[in-house]
Amino acid sequence: MNPHADPETRPAAAEPLLARLPADRPWLLAVPVEDDALAPSLPAGSVAVVDATDRRLVDGEIYAVRRAEAAELWLWCEGFARLGRSVGGRSVGTLASLGEPPRWRGPVEPEELVVLGRVVGALGPAEPAADLVLTLEQERAALAERLALARLELDEVEREWHDRPNPLAGLEGLPPGELRARLEARRADPSVALRLDLQLRIDALEARIGRLETLIAEAPAISLEGVRTKLQLVWSLNHAPLPAVEGDLERAAIASALRALDALLASEPAARPAAPQAPPRSAVLRLVPSPRRRR
């Protein structure tokens, strides 16, 4: 089955896998989240809201994927481990999780997958921030902390097992199917399994963080906190890692804007502009009509 086909052409056998939510938006599907593999994006006990009209695979996005008679939730990462985006001359990706223990499938070719749709929100007990930018930043910050810890752990593991071969050594030119079989055999070695699991978890975290940074940049800010988050992102990506250069007007402008916002946010609430009220839950989730369904 073509994962990018129109949802109207999906076989009827796929219909019982998912509930439709809500009734006035039939292209939205609901998938219960059973564990924290994709937290904080999708915490256990929540319900993933899936847009069945959007099946284009994008690095760092989360999708509902059909496997046998089940609908599974996965993060899509372009490429596989340190082999890049092409394996044996074929474009590949990895289905991965964000939590522990690591969970992944790969390398997989996009056409192998039956993609039911992209996750566009979550229903659950936690109320998102009124400003979407702040919700995205909360997720990005939580994942950035996990990423730093995972990188430290991988460095320690590679130092400890420095005399063992790289898990992917000698497998670079194999087609995806054969590579999967070879990796399954190699994973009997605990050091190989641990190193590969950590690398793929790091890849998943990097992909998700990169996607969140794009969404933060593109989302409209409706609060001072949201504006500060956008400026802080620019500072963190383009200026904080580099030494100060005399006459750098962009760096000076952003730094002074951040200081001004910090002063405003630290002032008495009465002196600050009123924060926008949280919209109804359906609006918080940004469950808007899909442009693919408009006539």
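The values are calculated or read from the model by the stated rules, or taken from the named source; none is laboratory data. Predicted model only: the values in this text are computed from it and were never measured. Here the Cβ is made from the backbone with ideal geometry for all residues, glycine too, and neighbour counts use every protein chain on show.
Worth a mention:
- On inspection, Leu143 fails the criterion of being closer than 19 Å to Leu98 by Cα, without any contact (Cβ under 8 Å) to a residue 12 or more places away in the chain and either of a type in the set (A, V, I, L, M, F, W, C) or in contact with a Pro (Cβ under 6 Å, 6 or more places away or on another chain) (or both).
- Number of the condition not met by Ile222 [criteria: (1) touching an Asp or Glu at 6+ places or on another chain (Cβ under 9 Å); (2) not in a loop (DSSP other than H, G, I, E, B)]: (2)
- Evaluation of Glu127 against the conditions (1) under 17 Å from the mean Cα position of the chain (by Cα); (2) among the charged types (D, E, K, R); (3) in a loop (DSSP other than H, G, I, E, B) shows that the sole unmet condition is (1).
- Taken over segment 146-193, the criterion of being surrounded by fewer than 12 Cβ atoms within 10 Å (Cβ to Cβ), under 21 Å from Gly79 (Cα atoms) and among the charged types (D, E, K, R) is satisfied by Glu184 alone.
- Here segment 73-82 is the region considered, the condition is being over 15 Å from the mean Cα position of the chain (by Cα) and buried (at least 18 other Cβ atoms within 10 Å of the Cβ), and the residue that is nearest to Asn166 (Cα to Cα) is Ala81.
- Qualifying residue in segment 85-101 (condition: hydrophobic (A, V, I, L, M, F, W, C), part of a loop (DSSP other than H, G, I, E, B), surrounded by 22 or more Cβ atoms within 10 Å (Cβ to Cβ) and touching a strand residue (DSSP E or B) at 6+ places or on another chain (Cβ under 6 Å)): yes
- Criterion (modelled with pLDDT under 95, more than 18 Å from the chain's Cα centre (by Cα) and assigned by TED's automatic domain parsing to the domain that holds Ala70) met by exactly one of Gly99, Gly170, Gly121: Gly170
- Boolean, Ala52 is at pLDDT below 95, more than 14 Å from the chain's Cα centre (by Cα) and closer than 24 Å to Trp27 by Cβ: yes
- Of all residue pairs spaced 6 or more apart or on separate chains, those with beta-carbon atoms under 6 Å, a first member in segment 33-54 that is within 13 Å of Val65 (Cα to Cα) and a second member that is surrounded by 16 or more Cβ atoms within 10 Å (Cβ to Cβ) and of a type in the set (Phe, Trp, Tyr) are Ala52/Trp27.
- Segment 145-167, residues that are within 19 Å of Arg186 (Cα to Cα), at pLDDT 90 or above and not β-branched (Val, Ile, Thr): Leu154
- Residues that are outside any strand (DSSP E or B), touching a Lys or Arg at 6+ places or on another chain (Cβ under 9 Å) and at pLDDT 95 or above within segment 102-118 comprise Glu109, Leu113, listed in sequence order.
- Selection within segment 172-208 - in a loop (DSSP other than H, G, I, E, B) and in contact (Cβ under 8 Å) with a residue 60 or more places away in the chain: Glu172, Gly173, Leu174, Pro175
- Top-ranked residue of segment 243-288 - restricted to ones that are closer than 16 Å to Arg228 by Cβ, small (Gly, Ala, Ser) and part of a helix (DSSP H, G or I), ranked as modelled with the lowest pLDDT: Ala266
- Within segment 212-219, the presence of a residue that is surrounded by fewer than 16 Cβ atoms within 10 Å (Cβ to Cβ), modelled with pLDDT under 90 and out of contact with any Cys (no Cβ under 7 Å at 6 or more places or on another chain) is excluded.
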